[in-house]
Amino acid sequence: MLTTLSARETKILFAIMQDMVAVRDATELRKQIGERLLDLFAADYFASYVWTRDGGDTDGVFLNMDAGNLAAYEQHFQYVDPITSRFRMCGRATHVDQVMSRETFLRTEFYNDFLAKDGLHHGMNFHAFSTSSHLGDLRIWRGRSKETFQRRDLELLDAIGTAFGNALDHLRSVEERLRSADPRLRLADWAAQHRLTAREKEVLHLVGEGLRDREISEALGVSITTVRSHLKAVFQKSGARSRAELMAAINAPVSVQ
């Protein structure tokens with residue numbers, strides 16, 4: 001259990017909770033909370049990513065870290081990172097010393113060629129998940145000259161992180177509902193999912209407006225043969241057999257976790 005919060009800590013926590021209600025963009029929320037966490041924990045560095053199994057760490061947000069060094073992280077060091085995958089498995093706020101011994105950690109390429117370049121030495125992480133995917137994380141670090149994070153810091157980050165995950169999950173649900181309700185966004189998502197070309201998307205958009213092949217050819221300034229060639233490609237990529245099946249697939253309800 002956390003001990004009594006100071007007036008300063010209470011003020012920062014209240015501001016964080018306000019952010020979780022007021023900020024409507026997930027990336028901006030991670031950045032805003034990062035700034036407050038640096039203040040709350042007297043920390044020096046902050047980073048936050050969204051992890052996917054196929055793409056690794058993406059959509060990076062960072063404070064007080066060198067952009068060139070972080071580019072190297074995204075290109076190389078995330079693939080030799082020995083600690084973040086362990087942090088993700090913990091299910092709560094965790095200190096780096098809890099996932100790897102300090103002696104081993106200080107010998108790694110990840111520490112010496114990446115973290116130490118920016119001065120990161122003492123770290124703790126929180127990773128937020130929904131039932132099916134990673135929502136975002138909070139990576140907080142202090143420099144070598146400062147004291148390491150204590151148990152109380154971890155407890156406080158864990159409480160904040162839980163609310164942070166709930167806020168991100170809510171934002172994602174709202175975004176999915178909005179995209180589902182907007183036919184243009186729904187079509188764009190469907191086209192991206194099936195890897196349609198720009199011209200195929202234009203043809204599909206006009207099909208969605210109810211235009212026939214000749215009308216589409218006139219609108220795009222191409223031959224009917226070309227229109228039908230693009231439509232054939234859309235059918236092959238999607239597995240649909242008719243215009244009606246295409247529209248039904250595009251307008252199918254989006255499943256929200």
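Is there a residue being touching a residue at least 24 places away in the same chain (Cβ under 8 Å) and either over 24 Å from ARG36 (Cα atoms) or over 17 Å from the mean Cα position of the chain (by Cα) (or both) anywhere in the stretch 98-108?
Initially, the stretch 98-108 is screened for residues touching a residue at least 24 places away in the same chain (Cβ under 8 Å), giving 108.
From the residues that got through so far, the ones that are either over 24 Å from ARG36 (Cα atoms) or over 17 Å from the mean Cα position of the chain (by Cα) (or both) too are 108.
Scanning the stretch 98-108 turns up at least one residue that is touching a residue at least 24 places away in the same chain (Cβ under 8 Å) and either over 24 Å from ARG36 (Cα atoms) or over 17 Å from the mean Cα position of the chain (by Cα) (or both).
Checking the conditions here, which among LEU206, LEU187 is part of a helix (DSSP H, G or I) and closer than 16 Å to ALA248 by Cβ? Spell out the reasoning first.
Numbers: LEU206 fails: closer than 16 Å to ALA248 by Cβ.
It is LEU187.
Going residue by residue through the stretch 1-14, is there one that turns out to be surrounded by fewer than 13 Cβ atoms within 10 Å (Cβ to Cβ), closer than 27 Å to ASN112 by Cβ and in the same structural domain as SER145 (by TED's automatic domain parsing)?
Among the residues of the stretch 1-14, not one is surrounded by fewer than 13 Cβ atoms within 10 Å (Cβ to Cβ), closer than 27 Å to ASN112 by Cβ and in the same structural domain as SER145 (by TED's automatic domain parsing), which makes the answer no.
Go through (1) in a strand (DSSP E or B); (2) surrounded by 15 or more Cβ atoms within 10 Å (Cβ to Cβ); (3) among the acidic types (Asp, Glu) and name the single condition ASP19 misses.
Unmet condition: (1).
Does ALA192 qualify as being without any contact (Cβ under 8 Å) to a residue 12 or more places away in the chain, within 27 Å of the chain's Cα centre (by Cα) and not assigned by TED's automatic domain parsing to the domain that holds SER132?
Numbers: without any contact (Cβ under 8 Å) to a residue 12 or more places away in the chain: yes; within 27 Å of the chain's Cα centre (by Cα): yes; not assigned by TED's automatic domain parsing to the domain that holds SER132: yes.
Considered against the rule, which asks whether it is without any contact (Cβ under 8 Å) to a residue 12 or more places away in the chain, within 27 Å of the chain's Cα centre (by Cα) and not assigned by TED's automatic domain parsing to the domain that holds SER132, ALA192 comes out as yes.
Would you point out which residue out of LEU106, LEU70, LEU40 is modelled with pLDDT under 95 and of a type in the set (A, V, I, L, M)? Steps first, answer last, please.
Details: LEU106 fails: modelled with pLDDT under 95; LEU40 fails: modelled with pLDDT under 95.
Exactly one of LEU106, LEU70, LEU40 is modelled with pLDDT under 95 and of a type in the set (A, V, I, L, M), namely LEU70.
Please specify each residue of the stretch 117-165 satisfying the condition of being more than 19 Å from LEU40 (Cα to Cα) and either in contact (Cβ under 8 Å) with a residue 60 or more places away in the chain or part of a loop (DSSP other than H, G, I, E, B) (or both).
First, the residues of the stretch 117-165 that are more than 19 Å from LEU40 (Cα to Cα): 117-119, 128-136.
The answer is ASP118, GLY119, SER130, THR131, SER132, SER133, HIS134, LEU135, GLY136.
Out of all the residues in the stretch 54-73, is one or more under 25 Å from ASP169 (Cβ atoms), among the aliphatic types (A, V, I, L, M) and assigned by TED's automatic domain parsing to the domain that holds GLY165? Step through it out loud before you land on a result.
Taking the stretch 54-73 and keeping what is under 25 Å from ASP169 (Cβ atoms), we get 54-63.
Narrowing the set further to residues that are among the aliphatic types (A, V, I, L, M) leaves 61, 63.
With the extra rule that they be assigned by TED's automatic domain parsing to the domain that holds GLY165, the set shrinks to 61, 63.
Yes.
Do we find that LEU211 is in contact with a Phe, Trp or Tyr (Cβ under 6 Å, 6 or more places away or on another chain) and among the hydrophobic types (A, V, I, L, M, F, W, C) in this structure? Break it down stepwise before answering.
Numbers: in contact with a Phe, Trp or Tyr (Cβ under 6 Å, 6 or more places away or on another chain): no; among the hydrophobic types (A, V, I, L, M, F, W, C): yes.
So LEU211 does not fit the description; no.
Is at least one residue of the stretch 54-64 touching a Ser or Thr at 6+ places or on another chain (Cβ under 8 Å) and surrounded by fewer than 16 Cβ atoms within 10 Å (Cβ to Cβ)? Full working, then the answer.
Just the residues of the stretch 54-64 that are touching a Ser or Thr at 6+ places or on another chain (Cβ under 8 Å), to begin with: 57-62.
So of that shortlist, the ones also surrounded by fewer than 16 Cβ atoms within 10 Å (Cβ to Cβ) come out as 58-59.
Within the stretch 54-64, one or more residues are touching a Ser or Thr at 6+ places or on another chain (Cβ under 8 Å) and surrounded by fewer than 16 Cβ atoms within 10 Å (Cβ to Cβ).
Looking at the stretch 22-59, which of the residues that are in a helix (DSSP H, G or I) and without any contact (Cβ under 8 Å) to a residue 24 or more places away in the chain is nearest to MET124 (Cα to Cα)? First the steps, then the outcome.
Here is the first cut: in the stretch 22-59, the ones in a helix (DSSP H, G or I) are 22, 26-40.
From what is left, the residues that are without any contact (Cβ under 8 Å) to a residue 24 or more places away in the chain are 22, 28, 32.
Values: ALA22: 26, GLU28: 21, GLN32: 18 Å.
The extreme case among them is GLN32.
When you scan the stretch 66-79, do you find a residue that is part of a strand (DSSP E or B), of a type in the set (A, V, I, L, M, F, W, C) and over 18 Å from ILE33 (Cα atoms), even just one? Before the answer, list the steps.
Pass one, the stretch 66-79, residues part of a strand (DSSP E or B): none.
Checked against the condition, which is being part of a strand (DSSP E or B), of a type in the set (A, V, I, L, M, F, W, C) and over 18 Å from ILE33 (Cα atoms), the stretch 66-79 yields no hits at all.
The values are calculated or read from the model by the stated rules, or taken from the named source; none is laboratory data. Model, not experiment: these values are computed from the prediction. Cβ coordinates were reconstructed from backbone atoms using ideal geometry, including for glycine residues, and neighbour counts include every protein chain displayed.
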